[in-house]
Amino acid sequence: MLTVENLVLHGGLTLNFELAAGECLVVTGPSGSGKTLLLRALADLDPVSGNIFLNGHERQDFGGPEWRSRVRYFAAEPGWWEETPRPHFSAAKDDRPALEELGLTEPLLDRPIRELSTGERQRLAILRGLADDPDILLFDEPTSALDADARGRVELLISRALQHDKCVILVSHDEAQAKRLATRRLVLQGKKARFEEL
């Protein structure tokens, strides 16, 4: 489903890998090793050299917005462009079951975003990003600000996405989480990278 060929990140780190439908790859490494840069490169948010293919079609075959709707990046601290969350969600779509699934309530949609906790913003951003059903989900520490209950709810959502043949690349420092969700690990360290089975 996702093929990466000769993708060059900062410092000359070059990556080649493939991800099949329903596969989760966890990415680890010290701060500054390029984990977020990798996700942003895959989402076509930063210029990089190399080739990225989605179902055999090269990134350049897509317009930027179309690619990013298929290959969705979930930032560790999501951005918002309205005062409250509600305008970020489709009025035609009933989001209440999904909100409840993540331990959220509908009144949160009308609260000022600045008043929401980091964890609430993270979970709302995940729902926002899943609304148009992307194929590739790029999560940058999606549960870093969550308690155990909320973390479990997000992991269940990711597991269901994998069951529906989505590809997931997950930056996480949680070893237990990696083993629950992923089948392989990509370790970034300086100019080197290695893959490990989980």
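The values are calculated or read from the model by the stated rules, or taken from the named source; none is laboratory data. None of these values were measured; they are calculated from a predicted model. Note that we place each Cβ from the backbone using ideal geometry, even for glycine, and neighbour counts take in every protein chain shown.
Observations on the model:
- Within region 56-90, tally of residues that are in a helix (DSSP H, G or I) and under 20 Å from the mean Cα position of the chain (by Cα): 9
- Subset of region 83-116 that is exposed (fewer than 15 other Cβ atoms within 10 Å of the Cβ) and acidic (Asp, Glu) - its residue that is modelled with the lowest pLDDT: 94
- A single entry from 157, 198, 188, 137 fulfils the requirement of being under 15 Å from the mean Cα position of the chain (by Cα) and closer than 19 Å to residue 17 by Cβ: 137.
- The residues of region 151-198 that are of a type in the set (A, V, I, L, M, F, W, C) and without any contact (Cβ under 8 Å) to a residue 60 or more places away in the chain, listed by number, are 154, 156, 157, 161, 176.
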